[in-house]
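Every read-out reported here was derived from the displayed coordinates using simple, explicitly stated rules and does not represent laboratory data. Here the structure is a predicted model, which means the values were calculated and not measured. All Cβ positions, glycine included, derive from the backbone under ideal geometry; neighbour counts span all protein chains shown.
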Amino acid sequence: MPFPDAIKAMTNTITHRGPNDSGYWENSSLGIAFGHRRLSILDVSPDGHQPMLSQSRRYVIIFNGEIYNYQLIRLELEKNGHHFKGRSDTEVMLAAIEEWGLNEAIQKFNGMFAFALWDSKTELLHLARDRIGEKPLYYGWSGGAFLFGSELKALKAHPKFQAAISKGALALTLRHSYVPTPWSIYRKIFKLIPGSILSIKVNQCRDCPSDFSPFPDKSGNGLSPITFWSVENALNKGRLDPFVGDEELASHELEKLLYDSVGIRMVADVPLGAFLSGGIDSSAIVALMQAQSTRPVRTFSIGFRENEYDESVYARQVANHLGTEHTELYVDPQDALNVIPFLPTMFDEPFSDSSQIPTYLVSKLCSDKVTVSLSGDGGDELFGGYERYSWANKMWPVIGKVPLNVRQHSSRAIEFLSGFQNLGNSEVKSYRTKVGQKMQTLASVLKAESKQQLYQNLMSHWSGVDELVIDYERLPTTFDKYSDSTASHDYLSDMMSTDMISYLPDDILVKVDRASMAASLETRAPFLDHRLIEFSLALPSHLKINGGITKRVLRRLLYRHIPKTLIDRPKMGFAIPIDRWLRGELREWAENLISERKLKDQGLFHSEPIRKKWKEHMSGARDWQHYLWDVIMVQAWLEA
């Protein structure tokens, strides 16, 4: 395939990410080419076209995302003598890089971004990703070529791509429900770590250099990403200079930061709206949006027929109170069935957070009326919204005093007892299922050797991946790599920062990016403004979780805008009834994917433990929905 045709084939696979425009640039003598698809948000005129060259023509950039403070940067550059043709943030980025250099300019960018920058003077290719990982960036070596792009499907479209599955990444998927950064499902293909820059020479593009590491190398030896921002560094800074003040003062400071973060994310030349679940995070975002809008904000929510999963009534109440223009959609199993065939190609590698389904459906609902939507993602990790934080914080001081060998024996005994099946009517079986799940969770945390491992076990699904994956290859994860480096006497803070490093970018933000982009919708998350993240990391944990109440400082802010009665209720999350659907409408489809014959023919998994969990789930004796969905999503991806 000719060089220009190859780059066009790659960009054509991600038309959904940029349906409004396409562009290409190449330096045939060096064998370098850029391709870009554009979703026009700021400066929808041709002046925002990419790839874009700097005024001096030294730099070429392709950029996915938004720089929210680009107008302030532009004013600073204009004072320094820069002139601009259009109104795009891309043009401002290039001018900033010319003025201050990449390393200094990127520190000024407040936004979500993944970009590739070619420097013709140094003949270096720079890949960069935003601080928390809102925008994806895959890269790696395959067939003698260095490839990069927003999604794996773009890399796979290259004629030299070699799709060699990593057994280690497959095992990590079953443990975490996603492939953790910096790994991908394919060998020699990686995800760029958030808050880092990878700079590569032309002569390093043929094959993976022997001195390459996908992890930042502080020594500066070899080829590896360079960190310009990290949760670890921000956390250490926050510990050295913590917030001093009470809950009231903290909530006012938070409101100022969040108000500004919401405001700069409302700047767009296209229609804008917001996801609204009725929970604390999305309600806070919508409340501050409405406070800055002259017209009713457009809000969107998803509902379920099963009451224990349905938050739409609360979203409707919040929308009515704030006076938004609200739209809702009720989801049933058929809606899920219609989406499921697209999930493998939507995510490109195994991904099994089942809330991927309603996330896509609400994105599709939203994209029919707006092009940009704000979301409440990040609020749980920043301000302690997950119940597991309080649970683990109470458990470790108790079980940590018990000798490890005693706990390990107890764990095995509990696992054995949890395997017994009770006979009886449906109510008895339902109660037995819930007790069994709690016993299984208790067994997993009892055998933890440290509080960091306790939290890892609490967050994991399949534990014995070495016994599940045939010819298992062990890979380290970012969870393992960073959990010890952020460890302190404050366990609550440790858990939240660990989630910011792993679960937030690799699960939540992957889910939101792929699902929304599949609907050609841009999502913006005000909580993920780096100023807010740094503020949250400087807050003492008792201002986040205290007295059994989560998100204390955020609740206090929200009470100024919405009555407590609409907000104070148990957290539900964005879950769907996969457990029931697997026993009902999805049963035939799932049974086909994880049949004993298919598992053996594919030769990736030992079938016995999978089939055992499937039978227990079908009988109603146990609820293995998360474990089974992990395997089912791998199987669906393999078939696709």
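Structure notes:
- Over region 218-279: Kirkwood hydrodynamic radius from C-alpha pairwise inverse distances, Å: 16.0
- Shape of region 12-82, Cα gyration tensor, a/c cut at 1.5: oblate
- Taking the chain and dividing mean pair separation by its residue count, relative contact order in percent (alpha carbons under 8 Å, at least six apart): 16
- The smallest convex shape that holds all Cα atoms of region 334-415, its convex hull, gives 182 Å³ per residue.
- Principal axis dimensions, largest first and in whole angstrom, of region 190-234 by Cα: 36, 20, 14
- Using the Cβ-Cβ distance between Asp269 and Phe84 with R0 set to 22 Å, the FRET efficiency works out to roughly 0.90.
- For region 240-390, alpha-carbon Rg relative to the globular expectation (2.2 N^0.38 Å, N residues): 1.15
- Overall form of region 104-203 per C-alpha gyration tensor (a/c, 1.5; a/b vs b/c): oblate
- Counting every other Cβ atom within 10 Å of each residue's Cβ, Lys369, Lys156, Lys79 order from fewest to most as Lys79, Lys369, Lys156.
- Gain on full stretching of the segment that runs from Thr15 to Glu467 - 0.36 nm per residue minus C-alpha separation: 158.7 nm
- For Tyr186, the residues whose modelled amide H falls within less than 5 Å of its own, excluding neighbours fewer than 5 places apart on the same chain, are Ser166.
- Using alpha carbons only: equivalent-ellipsoid semi-axes of region 340-382, gyration tensor based, whole Å: 20, 17, 8
- Length gained on full extension, Ser595 to Leu249: 118.8 nm, using 0.36 nm per residue less the C-alpha separation.
- Proxy reagent accessibility, fewest Cβ within 10 Å first, across Tyr627, Tyr455: Tyr627, Tyr455
- If only the Cβ of Lys and Arg carry +1 and only the Cβ of Asp and Glu carry -1, the dipole of region 248-376 around its Cα centre is close to 500 debye.
- Residues Arg555, Arg57 arranged by fewest to most Cβ contacts within 10 Å: Arg57, Arg555
- Debye-formula intensities of region 173-276, expressed as log10 I(q)/I(0) at q = 0.16, 0.17, 0.19, 0.25 Å⁻¹, are -0.99, -1.01, -1.05, -1.30 (one equal scatterer per alpha-carbon, no solvent).
- Cα gyration tensor of the chain - equivalent ellipsoid semi-axes, whole Å, descending: 38, 30, 25
- Among the listed pairs Lys394/Lys544; Lys85/Lys108; Lys8/Lys369; Lys394/Lys451, a Cα-Cα separation exceeding 18 Å is found for Lys85/Lys108; Lys8/Lys369.
- Applying 1/(1 + (r/R0)^6) with r as the Cβ-Cβ distance of Thr122 and Tyr24 and R0 = 22 angstrom yields a FRET efficiency of 0.45.
- Here region 126-146 and region 155-226 have alpha carbon centers that stand 8 Å from each other.
- Most positive-pole-ward Cα, Ile470, Leu170, Gly149, against dipole of the chain from beta carbon charges: Ile470
- Förster-model FRET efficiency, 35 Å R0, Lys394 and Tyr259, C-beta, rounded to 0.05: 0.55
- Potential lengthening of the chain between Glu585 and Leu329 amounts to 90.2 nm, from the contour at 0.36 nm per residue minus the alpha-carbon distance.
- When the P(r) is computed for region 1-131, the part past 19 Å accounts for 48% of the Cα-Cα pairs.
- Gyration tensor analysis over the Cα atoms of region 510-615 returns equivalent ellipsoid semi-axes of 42, 19, 17 Å (largest first, whole Å).
- Helix-derived mean residue ellipticity, 222 nm - over the chain, DSSP H n ≥ 4, -39500 (n - 2.57), to 500: -13000 deg cm²/dmol
- Charge dipole magnitude, Cβ of K and R +1, D and E -1 - the chain, Cα centre, debye nearest 20: 820
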